[in-house]
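To keep things clear, I will list the structure first and then write my remarks on it.
The values are calculated or read from the model by the stated rules, or taken from the named source; none is laboratory data. Computed from a prediction, not measured in an experiment: that's the story for all the values here. Reconstructed Cβ throughout: ideal geometry from the backbone, glycine too, with neighbour counts over all protein chains shown.
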Amino acid sequence: MKSTFFTFFMLFFLIACKKEAPTKLNDWQIISENVQFKEDEGNFHIKSGNFKFDIPKEKLPFKKVILLNASLVGYFAELNLEHNIIGISSPEYVYSKKIQQLVQNGKIQNVGNEQKYDLEKIIALKPDAIFTNYIASFENTYDLIKKNGIEIIFLDEYLEQDPLEKSKYLLLFGQLFNQEQAAASRFDLIAKRYDSLTALAKSAANRPIVLANEMYGNQWFLPGGKSNLAQFIHDANAIYINADNAESKAIPLSFEEVFVKGQKAEYWVNIGNHQHKRELLQINPNYTKLPVYNQGKLYTINGREVGKSNDYFESGVVRADLVLQDYIKIFHSELLPDYKLTYLRELK
């Protein structure tokens with residue numbers, strides 16, 4: 001009797017599993033609140049912000065694409081998809097040596113910039129798809145591209161404030177370029193390292209207070225308490241001076257307002273691309289009134305910068321684990337004694 005029951009149970013279990021498989025095909029894979037994707041028998045579907053894209057499966061994987069913003073380059077480099085890029089805008093802002101070489105060799109074409117895209121070249125290249133951030137003022141340009149039968153996909157990864165959600169875009173690119181396993185493997189590695197580093201940071205004996213960014217004109221654009229940078233500082237076990245703010249965007253404040261908030265700051269991070277500390281005084285001599293300027297440690301984000309390109313905004317978009325590792329090294333150097341900074345650099 002027990003044997004009969006067990007056989008019946010296993011048969012029921014197998015049937016249930018077989019019935020469950022098709023529904024999984026239709027489940028949305030969540031990247032973030034902004035981006036999700038799923039596939040059915042005929043199409044691959046992407047939701048990105050207010051846009052939805054339905055791509056026939058016979059058009060996948062993409063073989064040749066154009067990128068209209070450099071921040072997406074990091075995903076292609078992480079998955080070794082550089083040779084799938086046939087055009088890129090503003091290549092001078094790209095840090096990747098491999099892509100720069102492909103541009104020099106004519107394998108990747110310069111298709112203009114945000115002031116003026118070379119539409120004739122873009123259309124002549126006949127890409128399988130174009131990836132870009134959505135800019136409302138370019139709607140006419142987008143319409144012209146679509147009328148020429150070119151798929152244009154809007155991905156606004158810069159809106160993501162959770163560092164690992166930015167990294168998770170790898171899974172979407174893995175699907176579009178037949179690199180699912182490689183993408184899953186890379187994201188899993190990044191996520192596990194990030195979580196491990198977060199746990200390591202929590203073991204630190206103290207939590208230093210941190211100031212960020214700098215003044216532009218008469219305003220100090222201080223990242224909100226729900227911003228990407230605020231999350232990095234929190235996960236590196238430090239106290240961000242604007243952590244109690246509920247915004248994800250940067251908040252324009254006067255010097256006086258930041259001066260009050262930053263009185264106890266011990267570190268000042270994500271300063272621009274300055275080479276020497278004294279350069280800050282050319283922007284605003286009042287910086288000398290900040291205790292952190294005189295007694296603290298200052299860090300720029302130009303640890304990997306060549307010309308107009310900055311890898312913090314390229315591979316750093318994908319490698320959340322390495323960015324976090326930099327902040328932990330800065331705030332708790334004793335936890336990573338042998339590690340040298342990747343993206344940030346001390347300003348002296």
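Tabulated results
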quantity: Verdict on residue 289 being of a type outside the set (Ser, Thr, Tyr), surrounded by fewer than 17 Cβ atoms within 10 Å (Cβ to Cβ), over 24 Å from residue 185 (Cβ atoms) and touching a strand residue (DSSP E or B) at 6+ places or on another chain (Cβ under 6 Å); calculated: no
quantity: Output for region 172-215, where each listed residue is surrounded by 19 or more Cβ atoms within 10 Å (Cβ to Cβ), part of a helix (DSSP H, G or I) and aliphatic (A, V, I, L, M); calculated: 172, 176, 183, 190, 197, 201
quantity: Tally of residues being part of a helix (DSSP H, G or I), of a type in the set (A, V, I, L, M) and within 17 Å of the chain's Cα centre (by Cα) across region 283-323; calculated: 5
quantity: Residue 122 surrounded by 14 or more Cβ atoms within 10 Å (Cβ to Cβ), outside any helix (DSSP H, G or I), touching a residue at least 40 places away in the same chain (Cβ under 8 Å) and of a type outside the set (Asp, Glu); calculated: no
quantity: Residue, farthest from residue 310 (Cα to Cα), within region 54-71, restricted to residues that are out of contact with any helix residue (DSSP H, G or I) (no Cβ under 7 Å at 6 or more places or on another chain) and of a type in the set (A, V, I, L, M); calculated: 55
quantity: The listed residue being at pLDDT 95 or above and more than 20 Å from residue 228 (Cα to Cα), out of 334, 314; calculated: 334
quantity: Contacts under 7 angstrom Cβ, first residue in region 128-151 being surrounded by fewer than 16 Cβ atoms within 10 Å (Cβ to Cβ), partner assigned to a strand (DSSP E or B), 6 or more apart; calculated: 146/152
quantity: Number of the condition not met by residue 218 [criteria: (1) buried (at least 21 other Cβ atoms within 10 Å of the Cβ); (2) at pLDDT below 95]; calculated: (1)
quantity: Top-ranked residue in region 67-89 [being among the polar types (S, T, N, Q), at pLDDT 95 or above and not in a helix (DSSP H, G or I); ranked as farthest from residue 189 (Cα to Cα)]; calculated: 89
quantity: Some residue of region 243-252 being modelled with pLDDT under 95, more than 18 Å from the chain's Cα centre (by Cα), hydrophobic (A, V, I, L, M, F, W, C) and surrounded by fewer than 22 Cβ atoms within 10 Å (Cβ to Cβ); calculated: yes
quantity: Residue list for region 233-254, restricted to those being within 15 Å of residue 209 (Cα to Cα) and in contact with a Pro (Cβ under 6 Å, 6 or more places away or on another chain); calculated: 238
quantity: Residue count for region 260-279, restricted to those that are modelled with pLDDT of 95 or more and buried (at least 17 other Cβ atoms within 10 Å of the Cβ); calculated: 9
quantity: Residue 119 of a type in the set (A, V, I, L, M, F, W, C), assigned by TED's automatic domain parsing to the domain that holds residue 52 and closer than 30 Å to residue 234 by Cβ; calculated: no
quantity: Candidates 130, 145, 123, 150 - the one that is under 19 Å from residue 62 (Cβ atoms) and in contact with a Pro (Cβ under 7 Å, 6 or more places away or on another chain); calculated: 150
quantity: Check on residue 164, farther than 16 Å from residue 77 by Cβ, in a helix (DSSP H, G or I) and not assigned by TED's automatic domain parsing to the domain that holds residue 50; calculated: no
